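Okay, so here's the structure we're looking at.
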Amino acid sequence: MFERLESEGYAVHRSAYGLETAFEIEYSQGSGGRVVVFNAEYDALPRIGHACGHNLIATSAIAAFLATCEAMKLQYRNGPGFTVRLLGTPAEEAGGGKIHLINKGAYKDVFACLMLHPISPLPHDDKFLSIAAGPPGGFLATDDVRVTFTGKAAHAAAATWERINALDAVVAAYLNISLLRQQILPSKRVHGTIVNGGEQPNIIPMSASVDYCMRASSVKSLKDLKEKITKCFEAAATATGCGVKLEWSAVSYADLKVNHPICERFVDAMQTMGHDSVMEMPEQEGLLSGGSTDMGNVSYEVPGFHAMYIIPADGVNHTHEFARAAGSSEAFERTIACASGIAQVACQILVNDDFAEQIKMDFDRQ
Ligand SMILES: [Zn+2]
Ligand SMILES: [Zn+2]
């Protein structure tokens, strides 16, 4: 793909921004003007392959990038200056590839960034193709923490009163967090596992650790949740006399900021082409929320767009059934139809100053 595009005049950067598995392909015309980026995800899941359909996301981004460049060449050869980029963004499922790209400046001069994501049919309505504003509960901000409690080891039946059991701190923290659940919003999520609960029953565990993940509807409300959870761990350490160390994940995913003018223009474009496309699906509340994406972090940097579209599948994302569906020709056709929608929006962003101003105003307001 790189060689073919290079031969056709596109600038290709392999291992872009210092990330071995990232890439960037660019087409520019004239000087100045707005920059639009299409994000191409392509990572898969261990053992179940393309069970989140990122093969289709890559396909949609490539198709939209080429369609935008070719349409702009054809229609606006002497028009305003502009730049269109196809950004290969690795490691969405784990690793926060886009966060590394943000930190390396990949979105610095970008006006807007667009992408699509496939999902399985919704339980109450499978006739329409796409939802512009994403799932009803939105994509949530998320963070992970590894917590290690340190006690004092001993034989479990001799002089136990001189020892400190780190597993007790884990149990106390687990209960503290479980009690807290009733006092947090239903949109917030906390889930954890015990990574290390000790060696064997006749040794009082000196060290024990847990992994916890938490999610909330915005970066701000996630901060509030993190403070409460931190107190649960600290209280467990105080009660048992253990030491406690919290190691937060190096990358935390932000919630997705929805840009309304971009969503409206996408729905318009899709409906004009005869596709059943909606802005949002409020009646599906609770069915789709709870996921997270590193596109959320991008949407805090520049106006972002992350529409969901339906492919015929017998299972939801992250299942073998969805992986099978992501390889079907019908999924491919739906992907191309939606790619055409974002290409039309991209052209409008590049040439229509009023539309660009609305996008900017909506972004600044949030
Ligand atoms: Zn996924
Ligand atoms: Zn995904």
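The values are calculated or read from the model by the stated rules, or taken from the named source; none is laboratory data. What you see is a predicted model; the values in this text were computed from it and never measured. For neighbour counting, all protein chains shown are included, and Cβ atoms are generated from backbone atoms with ideal geometry for every residue, glycine included. Side chains are part of the model used for accessible areas, which takes the heavy atoms of the whole protein and leaves out ligands, DNA and RNA. Shrake-Rupley method; radii C 1.70, N 1.55, O 1.52, S 1.80 Å.
Mean residue ellipticity at 222 nm from the helices of the chain, using -39,500 (n - 2.57) per DSSP H segment of n ≥ 4 over the full residue count, to the nearest 500 deg cm²/dmol?
Helix contribution divided over all residues of the chain: -11500 deg cm²/dmol.
Remind me, relative contact order of the chain in percent, using alpha carbon pairs under 8 angstrom and six or more residues apart?
Averaging sequence separation for qualifying contacts and normalising by length gives 26 percent for the chain.
Within region 33-131, list the trypsin sites (Lys or Arg not before Pro) lying in a DSSP loop whose Cβ has at most 11 other Cβ atoms in a 10 Å radius.
Arg47, Arg77, Lys108, Lys127
Quick one: angle between helix 260-272 and the longest Cα principal axis of the chain, in degrees between 0 and 90, rounded to 10, please.
Around 50 degrees separate the two axes.
Compute the accessible area per residue over region 145-248, keeping the other protein chains in place, probe 1.4 Å, unit Å².
Heavy-atom SASA per residue in region 145-248 reads 56 Å².
Taking springs between alpha-carbon atoms closer than 10 angstrom, which of Ala106, Ala254, Ala11 fluctuates most in the Gaussian network model of the chain?
Ala11
Over region 145-248, what is the relative contact order in percent, taking alpha-carbon pairs closer than 8 angstrom and at least six residues apart?
Worked out over region 145-248, it gives 43 percent.
Pairs to check: Lys188/Lys223; Lys108/Lys223; Lys257/Lys360; Lys104/Lys245; Lys98/Lys188. Give those whose C-alpha atoms are more than 20 Å from each other in this structure.
Lys108/Lys223; Lys104/Lys245; Lys98/Lys188
To the nearest 10 degrees, how steep is helix 219-240 against the longest Cα principal axis of the chain, on a 0 to 90 scale?
Roughly 10 degrees, rounded to the nearest 10.
Any idea what the dipole of the chain comes to, in debye rounded to 20, about its Cα centre with Lys/Arg Cβ at +1 and Asp/Glu Cβ at -1?
880
Over the chain, what percent of the accessible surface lies on carbon and sulfur atoms, probe 1.4 Å?
Carbon and sulfur together cover 52 percent of it.
Which of the listed residues, Gly198, Ala156, Ile184, is farthest toward the dipole's positive end in region 145-248, when Lys, Arg count +1 and Asp, Glu count -1 at the beta-carbon?
The listed residue farthest towards the positive side: Ile184.
Above 18 Å lies some portion of the pair distances; for region 144-195, what is it as a whole percent of all C-alpha pairs?
47
Which peptide among 217-228, 182-193 comes first, and what is the full order, when sorted by highest mean count of other Cβ atoms within 10 Å?
217-228, 182-193
Give me the percent of DSSP beta bridges within the chain that run antiparallel, rounded to the nearest 5.
70
Relative to the first principal axis of the alpha-carbon coordinates of the chain, what is the inclination of helix 353-365, with its axis defined by its Cα atoms, in degrees from 0 to 90 and to the nearest 10?
Between the helix axis and the principal axis of the chain, the angle is about 10 degrees.
If you place +1 on the Cβ of every Lys and Arg and -1 on the Cβ of every Asp and Glu, how big does the dipole about the Cα centre of region 145-248 come out, in debye to the nearest 20?
Dipole of region 145-248, to the nearest 20 debye: 520 debye.
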